[in-house]
Structures are given as C-alpha cells and as structure tokens.
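**Q** Before we start, here is the structure in question, set down as structure tokens.
The values are calculated or read from the model by the stated rules, or taken from the named source; none is laboratory data. Everything quoted here is computed from the prediction, not taken from an experiment. Note that each Cβ is placed from the backbone with ideal geometry, even for glycine, and that neighbours are counted across all protein chains shown.
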Amino acid sequence: MPTVISVENISKKYIIGHQKRERYTALRDVLASGARRMAKRVLHPFAKDQEDPSHEEFWALDDVSFDIAQGDRIGIIGRNGAGKSTLLKILSRITEPTSGKISIRGRVASLLEVGTGFHPELTGRENIFLNGSILGMSKAEIARKFDEIVEFAEVEKFLDTPVKRYSSGMYVRLAFAVAANLEPDILIVDEVLAVGDAQFQKKCLGKMEEVGRGGRTVIFVSHSMPTVTSLCDKAILLSSGKVAKMGPTSEVVMHYYTSGQASPASADFSNRLVGDAYVRLLKGEVRNSSGEVALETNIDEPVTVEMTFEVLKNGSPAMVPNFHFYTAGGECAFVSHDTEKRPLGKGEYVSKCTIPANLLNEGSYFVGLAMSSFSPGIAVHFYEKSCLSFNVVDKHEGVITRPDHAIPIPGVVRPYLNWSLLKS
C-alpha cells in the first residue's frame, strides 16, 4: 500500500511559565528593571542574555519519525503527557512542528476536541455544509451524504438549532458523523468519543472499522486498550515525546503494560515474600514448544506456564495451583486449576499447565499465578495478578480473506473444531 503520511524527525517545543516568588512589584521596580536591562545592552552589546528562570522549554515531541500506509488503522497510545494530542494536532494541521517535516497525501478529517471545526452561531445543518466545504467537498457531494449524517448523529430534531445550544454529547455525535461520513482519505479521532454514551461509542467504533475496511486510513488515540486492540492493526507507543515502540498492536500494547521489561515471560519472587505461613511463590515462567522461556509463541504451537512454589511445613492444607489468563484489554479469557487436591510435604514443587495449539487467538495475554486450598473452607494463599505475559502470533496472518481486503478473526479463542459436511 502507498504511504499516505510520512513523519520525519518532527519536534514540538512549548514555553512553560513559572511564577516567581517575590514581593509585590511596584511601578518603580518595573522602571528600575527596564533601566538596568537597557544599560546592560548599551554597555555590553554583545553579551548573551541570561536565561529567564521564570520560563522553561518543554518538548512535547522530540524527533518523532514514522510512516503510515493507506488503509492502516493506527492506534496511538501512551500515558498522559506523552505527546499524543500534540501529534494529532500537527497531523491535523492545527499547529506546526518546531522542526521536522510531514507529508500527507489525501483529505484529512479530524475529531480532536468537542466542537472542533464547528461555528457555534451556525445551526447543525449549516455546520455540516461548512465542514464538508473545509474538507474540499462540493455542495452536491455533501447533499448526497446529508441524510446519512443526520441519521447517524441522531440530532434531526435540533438540526436547525445553533450548535452552541447543543450538549457536549450532541456536539460529538454530529461532529463524528460529519467527519466519518464525508469520505475522508484519513480519519483522525482523539479520546473525545469518551464524551458520548456507551451505545454511541459502539456505533462510532463500528463506523471506524468500516472506514478502515474500505481502504481508508484511521488514526485513533485512546487510553482504552481493549478498544485499541479490537480496532487497530498497528500501534505507536509514545513516551516523553518519543516513539517508544511501533508495530503490531498486540506487541505495542504488551510493551505499554510491561513498561518495556526485557522478559515479562519470567518473574522471580524468591527475594520477596509472596504467600503465607503455609506456602510461598518462588518463580513463574512461560515456555514455548521448545521448552525455552519465551515472550512469543506461534498460534499453532502449545505454550506452557510453570509456577515454582515452596511448601513451608508438613501437614499443610491440600494445595490447588491455579492460573488466571487475561487479555490485553483486561478481559478474563479463562481460569484453569489442577484437578487434584493433594496434601504436599515440605519442599519445592513445580506446577505446569499447557495450553494446546490453536486454542488462543492472536494477541497479548497476561497470567495471574495463584494457590488455593479448600479445607476447611476456601483459602487463597497467594495471588499475583498479571505477573507474566506472552504474545500469541499468527505467522500465516490468520485472517478471513475477501477479494478487496482482509479481516482479523475476532474472539479470545480460535480453536480448531471437528466439522463435517454431508449432502442431504
């Protein structure tokens, strides 16, 4: 696919002001300060000005580079202050970078803040035509899409009301309907969708999927990892204004959750006490089909989770190891436990659980390690949630292929089941 957005070494600098702690400034102080500065320039014309301690440079973006191809659905993630919104404003041509170069090929529609691109004094109807004109569409093209926009936004009753009287939810509904339905080549959406209700958010996400499947480019910023993983095929992680990682969404989300740890497929607890008077957790590991500790496993290979623990005294309750598997979005995929309740003597043990090949779908998974007993009653001796993680990848690009595009297969599991076909 051709490249539609090329970002080359862009940086964006802002000046932050800091309040000086000083006494009340009178007019004579201002005049005296001005006279001192003037005298300094006359007497020392080539001297460098000292930096103003009340102002500080802040680089919201620092040497950011990447390319986006036509049809890509890109999620931009990162913690607050990472530079996500600044990047979207530059891509939307709302602000200019301090340095660097951006090339954009195609018509861009942006939804960054409530009311972006709307004139508050104009009605909803007038703003639809205004936004369409800004996007470079003719009046006939806008008119052809008009009914579809109004139906999607669900604001027909208020169409001839100035938008300054709209609620924030109505504002967002109309703004998104205009941005998504006027057929932009590139659709840019910030976290602003969070303003809408759950039903409308679902509707918007469905529309963005439709836009992406139609071969157009979608750039989406969100703090919701389930939304990013379900909507986007690639992601960019920003950290302190820099690109920390870019690639398949599952890998980038994993990097975000684990803060870039080298091996989240292995965790050592021997140096701290995780457990109680009966048992303590020592180690957890994820191993591939070759028996190696591995962050990544192919979808058609089994993956084994191991837990090393120590029973601290004889006569302990019958221990039941159990593992909790979660998706990158925090959804519980399943919980598995040892089927035998057995009393264990003092010593170290290794409990293993093997997930068969072709069970888990492609994506990132987190594993919680736990130990329970059931006599008398239920007791949880330790539970370390999401202490291990691993990626399931499909090197054969597990997709349902259509003549014009490919669709990732949804779902947490993707098992091979027995099928039959008989002619009746």
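**Q** Output the number of the condition that ARG144 fails; it satisfies all remaining conditions of (1) of a type in the set (D, E, K, R); (2) outside any loop (DSSP other than H, G, I, E, B); (3) in contact with a strand residue (DSSP E or B) (Cβ under 8 Å, 6 or more places away or on another chain).
**A** For ARG144, the failing item is (3).
**Q** Can you name every residue in the range 164-177 that is over 20 Å from LYS203 (Cβ atoms) and in contact (Cβ under 8 Å) with a residue 12 or more places away in the chain?
**A** Result: LYS164, single match.
**Q** Let me ask another. Hey, VAL108 hits all of (1) in contact with a strand residue (DSSP E or B) (Cβ under 6 Å, 6 or more places away or on another chain); (2) more than 24 Å from ILE74 (Cα to Cα) but one; which does it fall short on?
**A** Tallying (1) in contact with a strand residue (DSSP E or B) (Cβ under 6 Å, 6 or more places away or on another chain); (2) more than 24 Å from ILE74 (Cα to Cα), VAL108 fails exactly one: (2).
**Q** Say whether the condition of being under 23 Å from PHE200 (Cβ atoms), within 33 Å of the chain's Cα centre (by Cα) and free of Cβ contacts under 8 Å to residues at least 24 places away in the same chain is met by at least one residue in the range 135-146.
**A** Yes, that holds for at least one residue.
**Q** Quick check, is ALA357 within 30 Å of the chain's Cα centre (by Cα), modelled with pLDDT of 90 or more and not in a strand (DSSP E or B)? Please lay out each step first, then the result.
**A** Numbers: within 30 Å of the chain's Cα centre (by Cα): yes; modelled with pLDDT of 90 or more: yes; not in a strand (DSSP E or B): yes.
Judged against the criteria, ALA357 is a match.
**Q** Also: What about VAL305, is it surrounded by 20 or more Cβ atoms within 10 Å (Cβ to Cβ), within 32 Å of the chain's Cα centre (by Cα) and outside the structural domain of VAL252 (by TED's automatic domain parsing)?
**A** So VAL305 fits the description; yes.
**Q** Still on this structure, please answer the following. Could you check the range 404-424 and list, in sequence order, the residues that are part of a loop (DSSP other than H, G, I, E, B) and modelled with pLDDT of 85 or more? I'd like the intermediate steps shown before the answer.
**A** Residues of the range 404-424 that are part of a loop (DSSP other than H, G, I, E, B), as a first pass: 404-405, 409-412, 414-424.
Within the range 404-424, VAL412, ARG414, PRO415, TYR416, LEU417, ASN418, TRP419, SER420, LEU421, LEU422, LYS423 meet the criteria.
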